[in-house]
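Have a look at the structure below before the remarks.
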Amino acid sequence: MKEPFSVLISIYKKENPSWFREALDSIFAQTLQPYEIVLVEDGPLTPELYEVIGEYQSKYQIFNIVKNEKNLGLGLALRKGVEASKTGFLMRMDTDDIIPPYRFEHQMKKIDEGYDVVSCWSQLFMGSFDNVISVKTRPEKHENIVKLAHRRSPICHAGTLFRKSALLKAGNYQHCKLYEDYHLVARLIMSGAKFYNLQEVLYYVRTTPEQMNRRSGMDYLKTELSFFKEFKKMGFFSKKDYIINSAMRIMVRLMPNAFRQKVLTKIWNHKNR
């Protein structure tokens, strides 16, 4: 018999109600259903979002709602969600993405083999689901995942299944602007968690031109370089890692948007096996 698991979602007022509805529909179309959906309302929402939540709550009696009086940000919102969850396993999901019906089933099979973190490949689309921007491939084996982690995040965070005990051992989610996921990955690796990436697309990421363009400019770069200093301070990055990553990000973030997107797409599509 399969272990029960929770789906962990954080939502805030700027989310798109239609996209959120599509995300929920893809959850309830799964061949393996969750015990609960831990939905963290990160601050007051719009009437349209409350309407969607109320509609699905009336259909499915598995929502575990966590309400934040004010917006805390993704890291702290997810931290509260982990603490409120009632199972030993947590499937991450974002409100604007879609998953194939076999995602949960495939990932739970691998967690049964003793892994603490089970992720997958992801496919980025813009506008229409058929308008594929890129496929983000990731290495399969733990040692290669750890190696890649010293250059960039080696998992699809929103498409990841976590063992709750491993999350708590690593210090749970923490506030780290723009880098909650990568920061968590580093702490999981340093705490001895065992990783695995399924070599198939189990997560469809919706993106927009605005989101793609946010990965540029001096403000974004300053945040990134500050984050790398933190990695060096905590002992995850060596001095060499810090220099290489900083140099690479300086070049990429200051490129013209169109050229940068081509470079990033080429990196994402490279099969890091």
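Please treat every number below as a calculation from the coordinates, not as lab data. Everything numeric here is computed off the predicted structure, so don't read it as measured data. Please note: Cβ atoms are built from the backbone with ideal geometry, for glycine as well, and neighbour counts cover all protein chains shown.
Structure summary
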item	result
Residues of the stretch 72-86 satisfying the condition of being over 15 Å from the mean Cα position of the chain (by Cα) and either surrounded by 16 or more Cβ atoms within 10 Å (Cβ to Cβ) or in a helix (DSSP H, G or I) (or both)	L72, K80, E83, A84, S85
Pair list, Cβ < 7 Å and 6+ apart or interchain, from the stretch 131-148 residues that are farther than 18 Å from L184 by Cα to residues that are of a type in the set (G, A, S) and not in a loop (DSSP other than H, G, I, E, B)	K136/S122
Top-ranked residue in the stretch 1-46 [being in a loop (DSSP other than H, G, I, E, B) and without any contact (Cβ under 8 Å) to a residue 24 or more places away in the chain; ranked as farthest from D181 (Cα to Cα)]	M1
Residues of the stretch 118-130 satisfying the condition of being touching a His at 6+ places or on another chain (Cβ under 9 Å) and either farther than 16 Å from V201 by Cα or of a type outside the set (A, V, I, L, M, F, W, C) (or both)	S119
Residue list for the stretch 131-162, restricted to those being within 23 Å of E224 (Cα to Cα), touching a strand residue (DSSP E or B) at 6+ places or on another chain (Cβ under 6 Å) and of a type in the set (D, E, K, R)	K136, R138
